[in-house]
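Everything on this sheet refers to the single structure shown next.
The values are calculated or read from the model by the stated rules, or taken from the named source; none is laboratory data. Because the structure is a prediction, the values reported are computed rather than measured. Cβ atoms come from the backbone with ideal geometry, glycine included; neighbour counts cover every protein chain shown. Quick note on the areas: whole protein, heavy atoms, side chains included, nothing else; ligands and nucleic acids left out. Shrake-Rupley method; radii C 1.70, N 1.55, O 1.52, S 1.80 Å.
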Amino acid sequence: MKRLLISLTVAMSAWAQPETVDPELPDTLDLETALEFALDNNLSILQAREQIREQDGLITEVRSVLVPNISMSASYKVLDDDLVGIDQDDESWAVSIGARQTLYGGGGLRAAVRAQRSLEEAAVFQLESIVNSVILDVTVRFYDVLLARDSIEVEEQNVELLEEQLQNVRNRFEAGTVSQFEVLQAEVTLANAQPALIRAKNNFRVAADELRRATGYINISPNNLTRVPEFIGDLVYMPVDADLVPALEAALSNRPELKSLENLLTANTERVAIARSDRRPDIALVGSYDVRRSGEASGTFDDPDHGWIVGIQSSWNIWDGNATRGRIVQARSQVRQAELSLEQSQLDIEVEVRRALSGLQEADELAQAAAKVIDQAEEALRLAQVRYDSGTSTYLDLLQAQVALTQARNNQLRANYSHQVARAQLDRATGVRVQ
């Protein structure tokens, strides 16, 4: 699904102007819907699209030197009598329409167009990279919401069970089978469980706002200020098979950052040709059609002097004090810097893939271990309750079993959350959806 969303986003018109929207919050929200909204509204993606639009405009500007340029000029002059000499007219006007077509620019003009095209392609791949980052960000933020939501449920279950235990202890106290101390213990334990529930609810509110920021949802409607959708999804452990070699091959083949840097390297290579072009002459075909009149009849347009002017212009900077040589050195250095940046990025991506695989392996082991502990903790609590009811254990033993169960449930939530996040991070690292 992620690759499809990326393809759709990159294929969209890069110069489409964003529209101000204020959609109603849905009653339910799943991860796919959140991603689709982010692809259309995330501010980083919108900025990247505008950068592509800017590059398209630059290509048009650079190509303008390869087509004829047409200009028009007009002038009208009146001289003071004191400035008028012998055989000189005191009034004149002229209109000229000229055209210029570059025939040869030392190879630099077409190199500039090729360089700009490479820069535009680099911007497109940069957009895809930003899309991948946004997908990861939204995915993690959505999982944050699910973790906070499910943590509330765990803490509420803990509070409900502690309330039942407190009522049970009070009943036993009234029956004279337990002391006031055990009642006090139960009350203190219940009170200590409340802060965890309060923090879980606050974490949910914060996570929901962070998800809103990641998707680019800007609320301008008072009706949506206090509304929170029902989030659809569960933090379920799903095993993933992923090997190092295929993951590295996929990353080096698919990561848009590398493709962007490759295009930047191509653009810098073209800049060497642009710098070298300053050593060669430029040749242009020029022409104009002039209409002019001076003298006593200069105030009329009847029978003016007019005619064509056609010619070839050329200039050659024979010696510029090594300025061109300096530009060539700079361009070659920029090529080498681009090569080093590409190599560094390849190394960084390799390390990123290795870390993502290691994190996924750790999360996989933790999730499997946490699933086993839940059953054991539930059975331990059941046995502790039976023993306490029969009078063969203390209330402290029961509380310890209850704390262990709550901790096991939270550990399982966090383990499943970490595994889902690790999968998303591996997707980002390799540039493909790992099945």
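Once the piece of chain linking GLN407 and GLU379 is laid out straight, how much longer is it, given 0.36 nm per residue of separation minus the C-alpha distance between them? All intermediate terms of the calculation are to be shown ahead of the outcome.
Working: separation 28, 0.36 × 28 = 10.08 nm, distance 1.43 nm.
The span from GLN407 to GLU379 would gain 8.7 nm if fully extended.
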Item checked: Normalised alpha carbon radius of gyration of the stretch 168-297 [divisor 2.2 N^0.38 Å] -> 2.68
Notebook entry, point to check: Taking +1 at the Cβ of each Lys and Arg and -1 at the Cβ of each Asp and Glu, which of TYR237, ASN263, TYR217 sits farthest along the dipole of the stretch 205-321 towards its positive end, judged by Cα position relative to the Cα centre?
Noted result: TYR237
Check: So how do VAL386, VAL145, VAL140 rank on accessible area, 1.4 Å probe, biggest first, that is with the largest at the start?
Finding: VAL386, VAL140, VAL145
Check: Tell me, what ³J(HN,Hα) does each residue in the stretch 126-139 have, in order and in whole Hz, if you take phi through Karplus 6.51 cos²θ - 1.76 cosθ + 1.60 with θ = phi - 60° and put x for Gly and Pro?
Finding: 5, 4, 5, 4, 5, 4, 4, 5, 5, 4, 5, 4, 5, 4
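On average, how much accessible surface per residue is there in the chain, in Å², for a 1.4 Å probe, leaving out ligands, DNA and RNA?
Numbers: 25160 Å² over 435 residues.
The answer is 58 Å² per residue.
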Next item on the list: With a 1.4 Å probe and every protein chain left in place, tell me how much accessible area SER418 has, in Å² to the nearest 10.
Entry: 50 Å²
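With +1 on each Lys and Arg Cβ and -1 on each Asp and Glu Cβ, how big is the dipole of the chain about its Cα centre, in debye rounded to the nearest 20?
With only Lys, Arg, Asp and Glu charged at Cβ, the dipole is about 1420 debye.
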Check: Heavy-atom accessible area of THR269 with all protein chains present, probe 1.4 Å, nearest 10 Å²?
Finding: 70 Å²
Check: Counting alpha carbon pairs within less than 8 Å and at least 6 residues apart, what relative contact order, in whole percent, applies to the chain?
Finding: 25 percent
Margin query: What does DSSP give for the chain in terms of the percent of beta bridges that are antiparallel, rounded to the nearest 5?
Written below: 95 percent
Check: With Rg and the Kirkwood Rh both taken from Cα atoms, where does Rg over Rh land for the stretch 93-133?
Finding: 1.40
Checklist line | Charge-dipole axis of the stretch 333-435 as Lys and Arg at +1 and Asp and Glu at -1 on Cβ define it, positive-most pick from SER418, GLN344, SER358 | finding: SER418
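Can you give the charge dipole size of the stretch 117-235 about its Cα centre, rounded to the nearest 20 debye, using +1 on the beta carbon of Lys and Arg and -1 on the beta carbon of Asp and Glu? Write out the running numbers ahead of the final one.
Working: 11 positive and 19 negative charges, 78 e Å.
Using Cβ point charges on Lys, Arg, Asp and Glu, the stretch 117-235 gives about 380 debye.
Using r as the Cβ-Cβ distance of VAL386 and GLU156, and R0 as 30 Å, what FRET efficiency do you calculate, to the nearest 0.05? Please report the intermediate quantities before stating the final value.
Details: r = 24 Å, r/R0 = 0.81.
Plugging the Cβ-Cβ distance into 1/(1 + (r/R0)^6) gives 0.80.
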Item checked: Nearest-10 value in Å² for the accessible area of ILE274, using the 1.4 Å probe -> 50 Å²
Checklist line | Option label - mean projected area of the Cα convex hull in nm² computed here, alternatives (i) 20.0; (ii) 37.0; (iii) 27.5 | finding: (ii)
Next item on the list: Report the net charge of residues surrounding VAL159, where surrounding means a beta-carbon distance below 14 angstrom and charges are Lys +1, Arg +1, Asp -1, Glu -1.
Entry: -4
Margin query: Residues of the stretch 43-65 with the amide nitrogen closer than 17 Å to a label point 7 Å from the Cα of ARG280, along Cα-to-Cβ, please.
Written below: 65
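Nearest 0.05, what FRET efficiency do ASP80 and SER315 give at R0 = 35 Å with Cβ-Cβ as r?
On the way: r = 37 Å, r/R0 = 1.07.
Rounded to the nearest 0.05, the efficiency is 0.40.
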Next item on the list: Return the sequence-ordered ³J(HN,Hα) values of the stretch 337-346 in whole Hz as given by the Karplus equation 6.51 cos²θ - 1.76 cosθ + 1.60 applied to θ = phi - 60°, using x for Gly and Pro.
Entry: 4, 5, 5, 5, 5, 5, 5, 5, 5, 4
Notebook entry, point to check: Percent of accessible area on the chain owned by carbon and sulfur, 1.4 Å probe?
Noted result: 53 percent
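Of ARG53, ARG293, which has the most accessible area and how do the rest follow, probe 1.4 Å?
Values: ARG53 100, ARG293 40 Å².
Final ranking, largest accessible area leading: ARG53, ARG293.
Does the stretch 155-222 come out rounded, prolate or oblate by the C-alpha gyration tensor, with a ≥ b ≥ c the root eigenvalues, rounded set by a/c under 1.5 and, if not, prolate when a/b is larger than b/c and oblate if not? Mind dumping the intermediate values first?
On the way: a/c = 5.53, a/b = 4.53, b/c = 1.22.
It is prolate, given that a/c is not under 1.5 and a/b is the larger ratio.
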Margin query: Just to confirm a number: summing +1 for Lys and Arg and -1 for Asp and Glu over residues other than ARG355 whose beta-carbon lies under 11 angstrom from that of ARG355, what do you get?
Written below: -3
Note to self: From the phi angles alone, apply the Karplus equation (6.51, -1.76, 1.60; θ = phi - 60°) to the stretch 108-122 and give each ³J(HN,Hα) in whole Hz, x where the residue is Gly or Pro.
What the structure shows: x, 5, 5, 5, 5, 5, 4, 4, 5, 5, 5, 5, 5, 5, 4
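With every protein chain kept in the model, how would you rank VAL272, VAL67 by accessible area, 1.4 Å probe, largest at the top?
Values: VAL272 15, VAL67 75 Å².
Per-residue accessible area, sorted high to low, gives VAL67, VAL272.
Quickly estimate the mean residue ellipticity at 222 nm for the chain, helices only: each DSSP H run with n ≥ 4 gives -39500 (n - 2.57), and the total goes over all residues, rounded to 500.
On the way: 9 runs with 281 residues, N = 435.
My calculation for the chain gives -23500 deg cm²/dmol from helical runs alone.
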Next item on the list: Work out Dmax and Rg for the stretch 220-334 from the C-alpha atoms and quote the Rg first, both in angstrom.
Entry: 32.9, 97
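Quick check: residue separation of SER341 and ILE220 times 0.36 nm, minus the Cα distance between them. What number comes out in nm?
Between SER341 and ILE220, full extension yields 39.3 nm more.
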Check: Mean shadow of the stretch 87-199, computed from the convex hull of its alpha carbons, in nm²?
Finding: 19.7 nm²
Margin query: If amide hydrogens are placed 1.01 Å from N in the peptide plane, which non-local residues have theirs closer than 5 Å to the one on PHE231?
Written below: LEU29
